[in-house]
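Beneath this line is the structure, given in structure tokens, with notes to follow.
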Amino acid sequence: MLTAILSAYVLAPFTGMFYRKHPRIWGYLTVMLAAAIFLYLATFAPRVLEGGEVRFSYAWVPQLDIHVTFFLDGLSLFFGLLVSGFGALILWYATAYMEEAHYANRFFTYMLLFMASMLGLVLADHLILLYLFWELTSISSFLLIGYANREAEARRSALQALLVTNVGGLALLAAFLLIGQQWDTFSVEALLQTTEAAGGKHTLAIVLLLLLAAFTKSAQFPFHFWLPNAMAAPTPVSAYLHSATMVKAGIFLLFRLQPVFGDHVVWTWGLLLAGSITMVFGAVMALVQTDLKRMLAYLTISALGMMVGMTGLGTEEALQAALVYLLVHAFYKGALFMVAGGIDHQTGTRDMRLLHGLKQAMPLTMAGCVLACGSMAGLPPFFGFVGKEMVYESALHGQGFSWLLLGSTFLSSVCYVSLGLVIGYRLFFGTLTRQTPKPPTESHGPLWGAPLLLGAGGLLLGVWTEAPAYLLERGTQLISGTEAGLELSLWHGLTPALGLSLLTVLAGWGLYRGRDKSRKWLAFATGDYTLAPEQLYVTGLRRLRQVALWQTRLLQNGYLRNYLLVIFSFLVLAVLAQIIHFRLWPQALRFQLPVTVDYLYEWIPVFFMVLGLITIFGARSRLTILIATSMVGFGVAALFVFFSAPDVSMTQFLVETITLVIFMLILHRLPSHIRLESKTKFVRHLLVAILFGATMTLILLNLHGYELASPLKEYYLSHSEEEGKGLNVVNVILIDFRALDTLGEITVLGVTAIGIMTLVFLNQKK
Amino acid sequence: MEIILSVVTGLLFTISVYLLLHRSFIKMIVGVIVFAHAINLFLFIAGKITRSMPAFITEEEAGTAALSDPLPQAFILTAIVIGMGVQIFTIVLLNKVHFTAETDDLDTLKTTDLPEA
């Protein structure tokens, strides 16, 4: 299993590198890989669809008990087959579609990356692994939308899709971490088997975060706006990611966790409301679009809303309907996108106002399109009819507020019928268009083959309903957590749902006839509104930029002194906060050396140091400052002598002298004028400085509250003679015990010397 | 005596931080130097100080407990030498900056670009 997923990741870069040399070979290689994965997954079908489960576990960090685990059950197998099967079909389509495109190699690389990530997403058992793949699909989607990277529109759309779905991604991570805390497991399988009711203290937060993740990924209102914009991607991408697979990841997440959270009131209501609104909104927006792909995108949003709403209804019947409709939708929407791509490819436009009467020119494309539209409109004997009937049935049988769902499914279904006529009839019948940039001609090979295959598939599944029933039964059981069987059939007898279907078709026909009038009514839908979600996104992004700019100007303003000021202030605050919090005031001081008159000489260096410091503080002459600095330095050296550190003192005297000499040599080349500070800066800096000094004093006084029993002191003093052959312990430490440190020190000095040399001999001035 | 020295160390820190924040080159250089002194003294005092008991091992073997701790001293010795490298480098560097950028104000050093000729 790991091989199957990794193989696509491995093939991806090679495709990128070698595609251009042999586009045909590498293109078909990707198709074959997807098909091979499909077949491989299909071999598990008998076992898994009977109710079995297959686990694949690979040790990753066994010490930390982290394993890469994939698991196949009815639901993940169905999604896996969907991803790989559609992958093969759409890659095949893309070999023709991308033939003349620039950077087609990149396209195939990204597609493979996406396919592998999506497979990982649906098969992952570990939640964090699932999250990882979830984000990878977002990233590959970003790359694919931004494929035409020279167009600002494509770049903008790609970024938008990435940002919106990543907000959901972060929410997903948070939700998974909370799940891990609450149930003490990250395994999907273990989570599904948990008998504990979902009543923990984090449950509400988890549900809200999961909804956010699913809604952003599956383009639910009000996060839908990225999907129509994502149509900037090449059409195979729209067909694959933005209708059949990636946008269904959110639905997959909902399905997967429905048994755990299905009873939560926020979950059901959230799904029901968002689903209903999205469904109607998407369908209505689709009515007013003129771009074929945007129209399809809004229809996709609407269909996703239908699945979400059905999941929210939560009855056994509704969940079955949701999964069945997912398959229905994948078939017809995949086909329609590919038809749109084919038409775009052959005529050079996707504008619905220019396209009509393509029957003679593109008969084979028409066949695929009409079949798909039949399924979309929910006409018998297409598979779409079966799905639509199930949706109606479950909405009719539902309790409480299911009338809301019934109403919205009816409304959107009417729109589907009307748009089915627009796309499936008006596009091809009537007088042949003469306004297209290229005269329409029939496309070749996969361009009509792939949609025709899917369209015919939609018809086949509608007639041979045993096949989808067999495929989906285990999946629906897993979603609803019951053992109910799934029965699909075209003919249910004379039921209310059938009547509703009939009414839908009639109303859809009416809407189609009166489409010019309805366009006028719906003109408001195309307006620009400041409170529209996309507008809010744009405004939000602009505000975020402004805040970032303001914050950068504040913190990273280029004034070096400000950085220092921030660092010192923060240090003071951090230390003082600790001292106050733990009440670390100096107490029980253990001073060893009393302040007595006997040692009056110790006061001499102290006196000179303080004098020097005061002088430095106030002085404005370079020379005075230099001398005062030396006073401080020699004072420190004298203190070392008095307090038993003759070696340190000697070094200090030497170093002080060298620094003095060098400073003196360069002094006349340094600026003579000493600038004054403004009053506010002076006060601010002095305040920070005093606080810092006081903090350091406080730390020192504090340290004297503790007995310092260093075992190292004892060790060095007793071993110095035997092992280091020396009596001066400080020296022995430097050249023997810690000789490597000294070596490092010498290196530092060497590097500094080189640096100084470079500076001195560097002649930048022309 | 430690209490006096602790206060003096605090004063060293105060002045050096003030100088480091100064816009004038010379004051900033001196700030770097004084800061090194302050840190060294800080380490020295934190490691407990003793009078007239350097860490020399004598013939008498009078017991080592009374001797001063050699370890902080070794640290400080290293620090002093490294500090010297840093100080001299700073002096030379600022000299070069003054020469190249023709400024004596740290606040004008905001960009990597040279001033217009």
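Just checking the output field for A:712-719: average partner chain Cβ neighbours within 10 Å of each residue's Cβ?
Averaged over the peptide's residues, the number is 5.
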With the contact rule set at Cα under 8 Å and sequence spacing of 6 or more, what percent relative contact order holds for segment A:93-230?
22 percent
Please give the direction-averaged projected area of the C-alpha convex hull for segment A:370-451, in square nanometres with one decimal.
7.2 nm²
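Tell me, A:Asp516, A:Asp291 in order of fewest to most beta-carbon neighbours within 10 Å?
Taking fewest neighbouring Cβ atoms as first place, the list is A:Asp516, A:Asp291.
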Cα pair distances exceeding 23 angstrom across segment A:465-554, given as percent:
67 percent
By average Cβ neighbour count within 10 Å, what is the ranking of A:451-460, A:101-110 from highest down?
A:451-460, A:101-110
Projected onto the charge dipole of chain B (unit charges on the beta-carbon of Lys, Arg, Asp and Glu, signs +1, +1, -1, -1), the Cα from B:Pro72, B:Ile33, B:Gly85 with the largest positive-side position is that of B:Ile33
Farthest toward positive dipole pole in segment A:558-713 [+1 Lys/Arg, -1 Asp/Glu at C-beta], among A:Met696, A:Val655, A:Ile666
A:Ile666
So for the protein assembly as shown, Kirkwood radius off the Cα pairs, Stokes-Einstein at 25 °C and 0.890 mPa s: how many µm² s⁻¹?
74 µm²/s
Per the Cauchy relation, a quarter of the hull surface: what is the mean projected area of the convex hull of the alpha carbons in segment A:216-330, in nm²?
6.3 nm²
Å³ per residue enclosed by the Cα convex hull of segment A:105-254
89 Å³
Taking A:Lys359 as the anchor, which lysines have their alpha carbon closer than 21 Å to its alpha carbon, excluding any fewer than eight residues away along the same chain?
A:Lys293, A:Lys333, A:Lys438
Mind putting a number on the dipole of segment A:290-429 about its Cα centre? Charges go on the C-beta only, +1 for Lys and Arg and -1 for Asp and Glu, and I need it in Debye to the nearest 20.
520 debye
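Give the residue list of GluC sites (Glu not before Pro) in segment A:661-766 that are DSSP loop and have at most 15 other beta-carbon atoms within 10 angstrom. Let's see the in-between values first.
Values: sites: A:Glu677, A:Glu707, A:Glu714, A:Glu721, A:Glu722, A:Glu723, A:Glu745; in loops: A:Glu677, A:Glu707.
Passing sites in segment A:661-766 are A:Glu707.
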Sort out for me the Cα centre separation of segment A:126-191 from segment A:361-396, rounded to whole Å.
32 Å
State the Cα centre-to-centre distance between segment A:663-713 and segment A:532-574 in whole Å.
28 Å
What average count of beta carbons from other chains do you get within 10 Å of the Cβ of residues in A:563-573?
1
Hey, what angle do you get for helix A:104-123 against the long axis of chain A, alpha-carbon based, 0 to 90 degrees rounded to 10?
90 degrees
Once you charge only the Cβ atoms, +1 for Lys and Arg and -1 for Asp and Glu, what is the size of the charge dipole of the protein assembly as shown about its Cα centre, to the nearest 20 debye?
3880 debye
Just the Kirkwood number for segment A:558-672, please: inverse of mean 1/r across all distinct Cα pairs, in Å, one decimal.
17.5 Å
Among A:Ser489, B:Ser6, A:Ser141, which comes first, then next, by fewest other beta-carbon atoms within 10 Å?
A:Ser489, B:Ser6, A:Ser141
Average partner coverage of A:609-619, which counts Cβ from other chains inside 10 Å:
4
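Counting other Cβ atoms within 10 Å of each Cβ, which chymotrypsin sites (Phe, Trp or Tyr not before Pro) in segment A:453-536 have at most 14 and sit in a DSSP loop?
Listed in order of number, the matching sites are A:Trp464, A:Trp491, A:Tyr529.
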Less than 30 Å apart at the alpha-carbon level, and either on another chain or at least 8 residues along: which lysines does that give for A:Lys725?
A:Lys713, B:Lys48
For segment A:706-766, with the dipole built from +1 on Lys and Arg beta-carbon atoms and -1 on Asp and Glu ones, taken about the Cα centre, which of A:Ala753, A:Leu740, A:Gly724 lies farthest toward the positive end?
A:Ala753
Evaluate the charge dipole of segment A:456-519 about its Cα centre and quote only its size in Debye, nearest 20, assuming +1 on the Cβ of each Lys and Arg and -1 on the Cβ of each Asp and Glu.
580 debye
What's the ranking of A:540-550, B:20-30 by average number of surrounding C-beta atoms within 10 Å, highest first?
B:20-30, A:540-550
Just to confirm the filter: which chymotrypsin sites (Phe, Trp or Tyr not before Pro) across segment A:376-439 are DSSP coil and have at most 16 other Cβ within 10 angstrom of their Cβ?
A:Phe401, A:Phe429
Convex hull over the alpha-carbon atoms of segment A:260-313: what's its volume per residue in Å³?
51 Å³
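Computed from the coordinates by the stated procedures, all read-outs in this text should not be read as laboratory data. On a predicted model such as this, the values are computed, not experimentally measured, just so you know. Virtual Cβ from ideal backbone geometry, glycine too; neighbours counted across all protein chains shown.
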